Amino acid sequence: MELDVLATPGHLISLAARGFARLSEARLKPLGFGVGHLPVLVALQDGRAITQRDLARFAKVEQPPMAQMLARMERDGLIRRTPDPADGRSSRITLTKAAEARLPDAVAALLQG
């Protein structure tokens with residue numbers, strides 16, 4: 001029996017996921033967001049303030065990649081950091097008003113057919 005690896009469910013799901021990611025990236029880019037930002041945007045929506053460690057846990061990534069992404073998001077004016085009153089070594093991260101204002105458009109762009 002010959003197995004066509006390119007026709008296996010795992011490979012087809014992988015192709016679909018990559019295609020969806022490319023499409024989503026193209027829809028989010030004009031709004032200043034990327035697919036990688038989605039966990040942060042979801043976690044911080046509605047004015048929530050969360051630490052980097054908690055964001056990394058929420059996104060299921062290690063802290064160094066989260067720190068790099070947050071640095072880029074801060075540079076791009078999407079997030080801001082404020083000292084954590086409960087822990088002087090830590091910061092609370094929130095969305096900027098500009099990011100909050102564009103978030104509904106990002107959700108709409110992702111949900112369009």
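Listing for the model above:
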item: Estimated 222 nm signal from helices in the chain, with DSSP H stretches of n ≥ 4 weighted -39500 (n - 2.57), rounded to 500; result: -17500 deg cm²/dmol
item: Derived scalar couplings ³J(HN,Hα) [region 39-51; Karplus, 6.51 cos²θ - 1.76 cosθ + 1.60; whole Hz; x for Gly, Pro]; result: x, 5, 4, 5, 5, 9, 4, 6, x, 5, 10, 9, 6
item: Most mobile listed residue (Pro64, Pro85, Pro39) in the chain, GNM with C-alpha springs under 10 Å; result: Pro85
item: Distant-in-sequence amide H partners of Asp84 (H built 1.01 Å from N, under 5 Å); result: Ser90, Ser91, Arg92
item: Neighbour-count ranking [beta-carbon atoms within 10 angstrom, fewest first] of Asp105, Asp4; result: Asp4, Asp105
item: Cβ-based exposure ranking for His37, His11, in which fewest neighbours within 10 Å come first; result: His11, His37
item: Inter-part distance where region 12-48 and region 83-104 are each reduced to a Cα centre, Å; result: 20
item: Most mobile listed residue (Leu23, Leu78, Leu44) in the chain, GNM with C-alpha springs under 10 Å; result: Leu23
item: Debye, to nearest 20: dipole size of the chain, +1 on Lys, Arg Cβ, -1 on Asp, Glu Cβ; result: 400
item: Nonlocal amide H pairs with Ile79, under 5 Å, H built at 1.01 Å; result: Glu74, Thr96
item: Summed side-chain charge close to Pro83 - residues other than Pro83 whose Cβ falls under 12 Å, Lys, Arg +1, Asp, Glu -1; result: +2
item: Most fluctuating residue given options Glu25, Glu74, Glu62, as computed from a GNM of the chain linking Cα atoms under 10 Å; result: Glu62
item: Rounded to whole Hz, the Karplus (6.51, -1.76, 1.60) HN-Hα couplings of region 78-88, x for glycine and proline; result: 9, 10, 9, 10, 10, x, 7, x, 7, 8, x
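Computed from the coordinates by the stated procedures, all read-outs in this text should not be read as laboratory data. Just so we're clear, the structure is a prediction, and the values are computed from it rather than from any experiment. Quick reminder, even Gly has a Cβ in these numbers, built from the backbone with ideal geometry, and neighbours come from all protein chains shown.
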